[in-house]
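All remarks here apply to the structure that follows.
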Amino acid sequence: MNENDISMERQAQDLKSMTLPELSEFMKDLGEKPFRAKQIYEWMHVHRASSYQDMTSLSRALREKLEAYPLTVLEQVTVQISKIDGTRKYLFRLDDGNVIESVFMRYEHGCSVCISSQAGCRMGCRFCASTIGGLVRNLRPSEMLDQIYRICEDTGEKISNVVVMGTGEPLDNYDSLLRFIRLLTDENGMNLSQRNVTVSTCGIVPKIRELAKEKLQITLAISLHAPNDEKRRDLMPIARRYDMEELLAACRYYFEQTGRRITFEYSLTAGKNDSAADAYELAGRIKGMNCHVNLIPVNPVREREFKRPDQRAVVNFKNNLEKSGINVTIRRSMGSDIDGACGQLRRGFLETGHPGESE
C-alpha cells in the first residue's frame, strides 16, 4: 500500500473530512442519535476543538467512543514572524511525521491564509522550492482545513480570505480540494464565501475544465510565468504537456461556465521573462480575456539561479501591460525577512532537521 492509499484509508474514517450528512450517517452506524453529528461538526469547524475531550456537550461515553477515530489536529513545529509586516510563516507536522507550511498575512481589508494542498509537489517548476524532493503525498481535506484552524487559534484573528497556493499543486489533489472547499464554505462550519477562496494551479488543463463544470464562485489563479511556450517550458515541465493555447482555451471555458475572472500569476525573473518584448507578447496572448495579471517579483531560492528584477524593471513591465489594455497589479511583498518563497521553510527543515528560529 503506497502513501496515498494509506492517506485515503485514513480519510474514510476522518471525521473532520466528512460532510455533515456523512457525519450523521456515521453517528447512526455508531448507534448514536443523528443530532450528535451537528454538535460534533460545530465543535470541529466552528469552535475548532483540538480534542474530543474538549467537546463538553457530548457525553463522556460518546467522547470515549470517538477516540477510536483520531481527530486531525496539526502540530505547530515553528512559526517565523516578520519584523517588517507581521506576516507569519508556519511549519506544521502531520500525524505521519510529514511537515507542511502555511502563511498568515494581515492586510487592510482583512487577514489571509495561504495553505498547502500536498506534502511536497511533483510539478517540477524550476523557480519553486516546494517541488525539490518531489511529492510525498496528498493532504486530506481535514489537513487542509486544520492549517486555517490552527492559525486562527494562534493569532486570534478572523480569516477573510483563503488561498490554496502553498506547497503542492491543488488540482493534483482534486477530490480532496473540492471537499475542502465545500467544508470551508459550508454554512454550518466556517462559512467562508466561495468568492473569498483562491485556488492556484500550474495549469492541468483537463482538471481546469472539470473544475469549471462545478460552477464554483472561487477565484482561479493560473501560474503562467511566461509569454510563450518556449520560455514556459523552460520554467515549468507542465508546459511540455499542455501548450499555452490549450491552457488559455481552458481558461476561457472556465470563465464561460462560472462568470469568474481569471487571474494570471506571473513571476518576474531578471533576464528571463521581464523584458518589454515579453510584456507585449503576453498582452497579445491574453487581450480580450476577462482576466487580471498579478506580477510577482520572484523570491530567490538558494537551489536555483533565478534573481529578482529591480523595481524599475517591474514597474516598466506593469506599464507595458497597461498600455496594451491589460488589468495588472504588482503583488505586495510580504514577509521578505523570513523564508518567504513557497517551500523554503519546509525545505530547510527537511535538510537540517531544525525548524529555524521561532519568534
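The values are calculated or read from the model by the stated rules, or taken from the named source; none is laboratory data. Not measured: the values here are computed from a predicted model. Cβ sites come from the backbone with ideal geometry, for glycine too, and all protein chains shown count toward neighbours.
On the given criteria, is LEU235 surrounded by 16 or more Cβ atoms within 10 Å (Cβ to Cβ), out of contact with any Leu (no Cβ under 7 Å at 6 or more places or on another chain) and at pLDDT 95 or above?
So LEU235 does not fit the description; no.
Filter segment 70-84 down to residues that are surrounded by 16 or more Cβ atoms within 10 Å (Cβ to Cβ) and not β-branched (Val, Ile, Thr) and give me whichever is farthest from GLN118 (Cα to Cα).
Looking at residues that are surrounded by 16 or more Cβ atoms within 10 Å (Cβ to Cβ) and not β-branched (Val, Ile, Thr), I get SER82.
Listed here are the residues, each with its yes/no results for (1) in contact with a Ser or Thr (Cβ under 7 Å, 6 or more places away or on another chain); (2) farther than 19 Å from LEU248 by Cβ.
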| residue | (1), (2) |
| --- | --- |
| LYS158 | no, yes |
| GLY166 | yes, yes |
| ASP172 | no, yes |
| PHE180 | no, yes |
| LEU184 | no, yes |
| VAL205 | no, no |
| ALA226 | no, no |
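Run down PHE255, PHE317 and say which single residue is buried (at least 18 other Cβ atoms within 10 Å of the Cβ) and either in the same structural domain as GLY120 (by TED's automatic domain parsing) or modelled with pLDDT of 90 or more (or both).
Exactly one of PHE255, PHE317 is buried (at least 18 other Cβ atoms within 10 Å of the Cβ) and either in the same structural domain as GLY120 (by TED's automatic domain parsing) or modelled with pLDDT of 90 or more (or both), namely PHE317.
Report, ordered by the first and then the second residue, all pairs with beta carbons closer than 6 Å, sequence separation of six or more or different chains, a first member in segment 197-212 that is assigned by TED's automatic domain parsing to the domain that holds ARG252, and a second member that is crowded, with 21+ Cβ neighbours inside 10 Å and among the polar types (S, T, N, Q).
CYS202/SER223
Which residue is nearest to LEU23 (Cα to Cα), if the candidates are limited to segment 173-191 and must be under 16 Å from the mean Cα position of the chain (by Cα) and surrounded by fewer than 19 Cβ atoms within 10 Å (Cβ to Cβ)?
ARG182
Which members of segment 1-14 meet the condition of being at pLDDT below 95 and not aliphatic (A, V, I, L, M)?
ASN2, GLU3, ASN4, ASP5, SER7, GLU9, ARG10, GLN11, GLN13
Do you know which residues across segment 228-262 are touching a Cys at 6+ places or on another chain (Cβ under 7 Å) and not in a helix (DSSP H, G or I)?
If the condition is that a residue be touching a Cys at 6+ places or on another chain (Cβ under 7 Å) and not in a helix (DSSP H, G or I), then MET236, ARG261, ILE262 are the ones that fit.
Being in a loop (DSSP other than H, G, I, E, B) and out of contact with any Ser or Thr (no Cβ under 8 Å at 6 or more places or on another chain) is the filter; apply it to segment 85-99 and report the residue that is surrounded by the fewest Cβ atoms within 10 Å (Cβ to Cβ).
Only one residue tops the list, namely GLY97.
Does segment 146-163 hold any residues that are crowded, with 16+ Cβ neighbours inside 10 Å and in a helix (DSSP H, G or I), and which are they?
Of everything in segment 146-163, those that are crowded, with 16+ Cβ neighbours inside 10 Å and in a helix (DSSP H, G or I) turn out to be ASP146, GLN147, ILE148, TYR149, ARG150, ILE151, CYS152, THR155.
Can you run down the residue pairs with Cβ atoms below 8 Å, 6 or more apart or on separate chains, where the first is in segment 53-73 and under 15 Å from PHE26 (Cα atoms) and the partner is β-branched (Val, Ile, Thr) and in a helix (DSSP H, G or I)?
LEU66/ILE40
Output the residues belonging to segment 113-145 that are on the phi < 0 side of the Ramachandran plot, touching a Gly at 6+ places or on another chain (Cβ under 7 Å) and not in a loop (DSSP other than H, G, I, E, B).
Correct list: CYS114, ILE115, GLN118, LEU135, VAL136.
Can you tell me which of SER17, SER102, SER50, SER24 is surrounded by 14 or more Cβ atoms within 10 Å (Cβ to Cβ), within 29 Å of LYS158 (Cα to Cα), in the same structural domain as ASN173 (by TED's automatic domain parsing) and at pLDDT 95 or above?
SER102
Among the candidates GLY166, GLY203, which residue alone is in a loop (DSSP other than H, G, I, E, B), crowded, with 16+ Cβ neighbours inside 10 Å, at pLDDT 95 or above and not aliphatic (A, V, I, L, M)?
The unique qualifying residue is GLY203.
Looking at SER160, is it in contact (Cβ under 8 Å) with a residue 12 or more places away in the chain, over 27 Å from PRO237 (Cβ atoms) and small (Gly, Ala, Ser)?
For SER160, the condition - in contact (Cβ under 8 Å) with a residue 12 or more places away in the chain, over 27 Å from PRO237 (Cβ atoms) and small (Gly, Ala, Ser) - is met.
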